[in-house]
Amino acid sequence: MLMNDFVVRFAGEGGQGVVTSAEGLAQASTQVGYHALTYATFPSQILGGPTWTQARISTEHTLSSGDQVDVLVAFNEEAYETHAEEVREGGVIIYNADDFTMTDPRSFGLAVDTLARSTGNNRAANMVVIGALAQLVHMPQEYLEDFVEARFRRGRDNDDEIISSNIEAMRLGRQNAAESGFVLGDLAPPHPPDYQQLMLKGNEAIALGATHAGVEFYAGYPISPATTILLWMERNLVGENKFAYQVSSEIEAITAILGAGYAGKKSMTATAGPGISLMSEGLGLAWMAEIPLVVVDVQRGGPATGLPTKTEQSDLMGCLFPAHGDVRMPIIAPGSVEECFYGAVQAVNWAERYQGPVILMSEMSMAERVQNIPRPDLSKVPVEERLTYEGGNGYHRYSGNELSPMPLPGGPGAYVANGSEHDEMGDTTHLPSRHIQMTERRFSKLKLLEEDHYESDNTQAKIALMPWGGSKGPVREAYDALREEGIDIAWYYTMFLHPIPPKLRDELRAKELVIVPELNYQGQWANILRFHRVNSTPITQYTGLPFKVSDLVVQVKRIMAEHTEEARA
Amino acid sequence: MSKKNPEYDFKWCPGCGDFGVRRALEFAMINRLEETGLPIENNVVVAGIGCSGNLVHLLEGEQPYGIHGIHGRTLPVAMGVKMARPELNVVVVAGDGDFLSIGGEHIAPQAARNVNVTAVIMDNGVYGLTKGQSSPTTEMGTITSSTPFGKIEEDLDPLELYLTLGVSYIASGFSGQPRVLARLINEGMNHDGMSMIHVQSPCVTYNDTFQLIKGNAKEGIAPALWDIPEEHDPSSKQAAYELVQQGGLPVGVIYKDETRLSLEGNMGSIRSKARQRSVEQLMDAYAF
């Protein structure tokens with residue numbers, strides 16, 4: 001049987017190689033032209049704790065980590081007990097025979113550490129696993145060897161030794177799997193893309209995008225799952241005229257980037273829900289004083305400390321309206337690792353374009369996901385600059401009801417960037433006419449951010465499916481499955497949640513029903529769509545895990561059937 | 001900007017200590033202009049919330065840049081400005097409530113960083129703009145609008161706090177001496193590191209300490225104010241501790257450590273260690 005898709009779940013304890021095995025398999029596969037996507041979930045502790053990662057290898061571009069587990073690699077007994085029921089019919093379980101034994105007829109044991117040690121390379125345990133997995137789908141050995149060569153050839157004296165021990169580890173894994181007699185089928189040969197690719201995580205894509213967009217100042221505070229952006233920036237955004245720095249709290253992060261944004265730098269921070277709460281007042285100040293900056297919210301489960309290492313889409317209301325008073329933040333919410341790059345570029349562009357704060361909403365599931373994406377052609381990704389003031393002194397920074405040029409400290413045009421309601425010079429005022437003028441001015445600038453582009457499909461259908469953010473992948477797969485069944489449903493998607501592209505809003509208003517699958521209890525995006533006078537209804541899930549495609553298909557059909565019933569009644 | 005802007009309606013009470021501090025800052029900025037040739041708009045004044053924060057709107061003459069932000073966050077805003085544009089002169093103006101209460105968490109990290117900003121703190125021992133509540137520097141036992149039966153916390157000694165947290169330039173002054181104060185502020189501006197100029201700036205409405213500070217011979221009140229003697233060695237932390245423990249209101253430079261690099265200096269050494277790569281080169285790390 002030829003397989004186009006191969007899903008492996010690795011489960012065990014932190015430190016057992018659960019993540020490195022999954023990422024290794026993904027890298028080995030993309031190296032030869034497959035598409036790969038991983039999903040990782042970690043315990044919120046340093047050592048041990050149950051953890052699992054899933055890798056999906058496919059001949060086609062993939063959108064989700066898949067919900068049909070073909071192979072479970074159980075590094076310990078608890079992992080087996082927790083995940084065994086997710087293995088599909090006809091699937092296989094590989095258990096770590098160094099740790100435990102069992103009698104499940106679907107399983108065979110692999111002494112991963114013993115086999116690795118026998119090669120003289122204790123660190124090759126994940127290669128034993130990858131070798132065994134390759135055997136189950138008859139992935140040719142040369143694919144694996146190419147990967148080992150590419151990964152470990154680094155110009156060190158012992159390169160040859162490391163490479164041969166890793167290849168031997170793979171061979172041993174392969175041999176053991178062959179002896180077990182289990183076979184899943186033949187993974188169809190890859191169609192290597194004819195374009196250049198990158199293999200990276202969502203947080204890395206955000207950091208790269210922001211850097212391309214010209215961010216020169218970054219301040220952050222460690223918080224899962226956003227910390228890796230801070231670490232990336234501290235390594236790569238330090239040089240002439242640019243700096244990245246760990247400050248003492250999220251309050252310091254937002255106020256420091258506000259100071260830098262005011263001083264003329266493109267500035268950014270990244271955080272998660274608790275940090276967004278602490279940044280609330282600073283975001284309001286940036287809105288009020290019209291200072292460009294970007295805040296990345298890598299969402300986790302909430303509220304309070306919540307679920308620091310799980311995924312959720314429950315910060316949308318908090319990001320749209322983070323501060324007291326009349327504010328409504330621009331929001332870009334990418335839906336894939338690739339969109340994390342382009343979303344970050346656009347978030348920085350938006351901040352400079354309308355002179356104010358922009359929130360880029362990512363999710364834990366994308367932050368830690370490894371995925372192959374087409375390498376961005378930077379020459380085709382425009383970068384925007386702030387409209388700066390070039391006149392003399394005596395400038396009225398806040399005159400009029402629309403955007404006005406922003407002076408650069410040090411040069412002419414001195415003004416007070418004021419968080420109190422102010423007049424045109426930036427001085428505090430309480431006059432009703434000024435509060436009216438400035439409130440309208442702040443909201444009018446949002447028009448500058450209205451984009452034209454969005455995704456749509458089968459638009460003549462009366463009922464539409466519209467996910468947001470990281471749920472895009474599984475919802476699109478569900479959509480494709482529904483369409484294949486002949487179900488008449490439309491597809492809409494944008495990463496520009498606020499302001500929403502006006503044409504998209506109008507199209508959605510014309511639908512009988514817009515179904516919004518989202519990972520929160522309240523149906524937050526569905527509610528926002530109702531503000532826009534769209535007849536929306538949510539499909540909610542709040543497990544800390546992403547959607548499963550099969551669940552979505554069932555739920556969408558149920559809602560469509562109910563809608564038809566109601567229409568008849 | 002009061003003279004130029006009739007719409008701006010905030011006024012300090014007649015006799016408010018903050019008038020003198022404003023004058024001192026104007027002198028200091030003009031002195032700096034004369035010393036360096038850099039225009040007034042090379043200064044960025046980051047103001048806290050409260051009566052004292054309004055100083056940024058009340059400055060007369062050539063205008064510096066200003067940020068009048070949110071309560072308690074002057075230091076990290078100032079740090080952001082300074083890190084982004086080290087060539088700017090960054091001055092914080094805030095009161096004791098803003099700086100020492102809600103903003104207290106920011107003093108220690110800024111002192112550890114030795115961020116090169118100059119903070120002028122107007123201490124009146126009370127929350128003035130909200131009409132007379134107790135602040136960290138209100139004396140223990142004092143009855144205020146928010147302590148109807150007397151304040152039950154020890155009052156904070158800001159000078160000792162700054163010393164303990166490692167601020168590298170600490171001066172103390174009085175709003176009634178704007179020329180002296182300007183000199184202390186200028187020395188702070190010239191100091192390459194974090195500078196604190198703590199000013200007793202009495203609130204004539206809720207906590208009038210003018211008489212206590214200046215003394216009143218007729219009523220037998222000895223002045224709290226005393227000039228720091230010339231023989232004081234500000235490079236000695238021990239001497240600085242002994243000095244602030246004498247109480248009263250010392251005027252002059254209490255402590256000055258010129259041996260430490262400022263944050264901007266340390267940023268420079270980090271910069272020289274970092275690899276410089278273009279975005280294309282950064283992407284290459286993920287190419288396969």
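Any read-out appearing in this document is the output of simple, stated calculations on the displayed coordinates, not a laboratory observation. Owing to the predicted nature of the structure, the values given are computational and were not obtained by experimental measurement. Counting neighbours? That spans all protein chains shown, and the Cβs are built from the backbone with ideal geometry, glycine included.
Couplings 3J(HN,Hα) of the range A:418-433, computed from phi: 10, x, 7, 4, 9, 8, 5, 8, x, 8, 4, 8, 10, 5, x, 4 Hz, in residue order, whole Hz [Karplus 6.51 cos²θ - 1.76 cosθ + 1.60, θ = phi - 60°; x for Gly and Pro]. Counted by neighbouring Cβ atoms within 10 Å, the residues A:Arg397, B:Arg183, A:Arg369 run from fewest to most as B:Arg183, A:Arg397, A:Arg369. Take every Cα pair under 8 Å whose residues are at least 6 apart in sequence, average their separation, divide by the length of chain A, and the relative contact order is 12 percent. In the range B:9-117, Cα pairs under 8 Å separated by at least six residues give a relative contact order of 26 percent. Shown for chain B are no DSSP H helices, since none reaches 30 Å along its axis, judged by Cα atoms, with a mean Kyte-Doolittle hydropathy of at least -0.5. Note that the range A:503-509 has calculated 3J(HN,Hα) couplings of 5, 5, 4, 5, 5, 5, 4 Hz, one per residue in order, obtained from phi through the Karplus relation 6.51 cos²θ - 1.76 cosθ + 1.60 (θ = phi - 60°); glycine and proline are x.
With contacts taken as Cα pairs under 8 Å and at least 6 residues apart, the range A:387-449 reaches a relative contact order of 32 percent. Take the Cα of B:Ser146, step 7 Å toward its Cβ, do the same at B:Lys131, and the gap between the two points is 1.4 nm. When chain B is treated as a Gaussian network with alpha carbon springs shorter than 10 Å, the biggest mean-square fluctuation among B:Pro86, B:Pro136, B:Pro148 belongs to B:Pro148.
Here the range A:199-380 carries DSSP beta bridges of which approximately 20% are antiparallel, counting only pairs with both residues inside. Between B:Ser269, A:Ile206, A:Leu285, the Cα set farthest toward the positive side of the dipole of the protein assembly as shown (charges on each charged residue's Cβ, about the Cα centre) is that of A:Leu285.
Remark: the Cα gyration tensor places chain A in the prolate category, a/c being 1.5 or greater and a/b exceeding b/c. Taking amide hydrogens as placed 1.01 Å from N in the peptide plane, the amide H of B:Ile254 sits under 5 Å from those of B:Ile170, B:Ala171, B:Ser172, each at least 5 positions away in sequence or on another chain. Restricting attention to the range B:162-288, close to 40% of DSSP beta bridges with both partner residues there are antiparallel. Helix A:202-212 and the long axis of chain A differ in direction by around 40°, with both axes built from C-alpha atoms.
Charges were assigned to the Cβ only: +1 to each Lys and Arg, -1 to each Asp and Glu. The resulting dipole of the range B:183-288 about its Cα centre is roughly 340 debye.
Positive contributions from Lys and Arg (+1) and negative ones from Asp and Glu (-1), summed over other residues with Cβ under 14 Å from the Cβ of A:His430, come out at -3. Phi angles across the range B:130-138 convert, under the Karplus curve 6.51 cos²θ - 1.76 cosθ + 1.60 with θ = phi - 60°, into 3J(HN,Hα) values of 9, 6, x, 7, 6, 10, x, 9, 5 Hz, Gly and Pro given as x. Taking amide hydrogens as placed 1.01 Å from N in the peptide plane, the amide H of B:Ile221 sits under 5 Å from those of B:Asn216, each at least 5 positions away in sequence or on another chain.
Here A:Met366, A:Met288 are placed in order of increasing Cβ neighbour count within 10 Å, fewest first, which gives A:Met288, A:Met366. Under a model in which nothing but the beta-carbon of Lys, Arg (+1) and Asp, Glu (-1) is charged, the range B:18-284 shows a dipole of about 560 debye around its Cα centre.
Summing charges over neighbours of B:Ile121, with a neighbour being any other residue whose Cβ is under 12 Å away from its Cβ, gives -4 when K and R count +1 and D and E count -1. The antiparallel fraction among DSSP beta bridges confined to the range A:2-187 stands at about 50%.
If I fit a long axis through the Cα atoms of helix A:141-152 and take the longest principal axis of the Cα atoms of chain A, what angle between them do I get, 0 to 90°, rounded to 10? It is inclined by approximately 50 degrees.
Under the simplified labelling scheme, the A:Ser379-A:Ala561 pair shows an inter-label distance of 5.5 nm, with each label point 7 Å from Cα along Cα→Cβ.
At R0 = 56 Å, how high is the FRET efficiency between B:Gln246 and A:Glu402 if r is their beta carbon distance? Nearest 0.05 is fine. Computed FRET efficiency for B:Gln246 and A:Glu402 comes out at 0.45. About its Cα centre, the range A:455-568 has a charge dipole of approximately 340 debye under the convention of +1 per Lys or Arg Cβ and -1 per Asp or Glu Cβ, with nothing else charged. For chain A, take the longest principal axis of its alpha carbons; what is the angle in degrees between that and the long axis of helix A:250-262, to the nearest 10 within 0 to 90? Between helix and principal axis, roughly 60 degrees. Classify the range A:455-568 as rounded, prolate or oblate from the Cα gyration tensor: take a ≥ b ≥ c as the square roots of its eigenvalues, call it rounded if a/c is under 1.5, otherwise prolate when a/b beats b/c and oblate if not. Rounded shape, in that the Cα axes give a/c under 1.5. Think of the range A:455-568 as having a plus end and a minus end, set by charges on the Cβ of Lys, Arg, Asp and Glu; of A:Phe496, A:Ala567, A:Ser471, A:Phe496 sits farthest toward the positive end of this dipole.
Peptide A:287-294 is shielded by partner chain Cβ atoms: per residue, an average of 1 of them sit within 10 Å of its Cβ. Name all residues of the range A:190-228 having a backbone nitrogen under 19 Å from the label point set 7 Å from the Cα of A:Arg88 along its Cα→Cβ direction, giving them as ranges. In the range A:190-228, the label zone of A:Arg88 (backbone N under 19 Å from the point 7 Å along Cα→Cβ) covers A:190-191. Overall form of the range A:199-380: rounded. Here a/c, set by the Cα gyration tensor axes a ≥ b ≥ c, is under 1.5. Placing a pseudo-label 7 Å from each Cα along the Cα-to-Cβ vector at B:Glu34 and A:Glu78 gives an inter-label distance of 7.3 nm. Simple rule: put +1 on each Lys or Arg Cβ and -1 on each Asp or Glu Cβ in chain B, find the dipole, and look at B:Val120, B:Met29, B:Gln63; the Cα lying farthest toward the positive end is B:Gln63. Give, as a single signed number, the net charge of other residues whose beta carbon lies under 11 Å from the beta carbon of A:Arg442, with Lys and Arg counted +1 and Asp and Glu -1. Computed value for this residue: -2.
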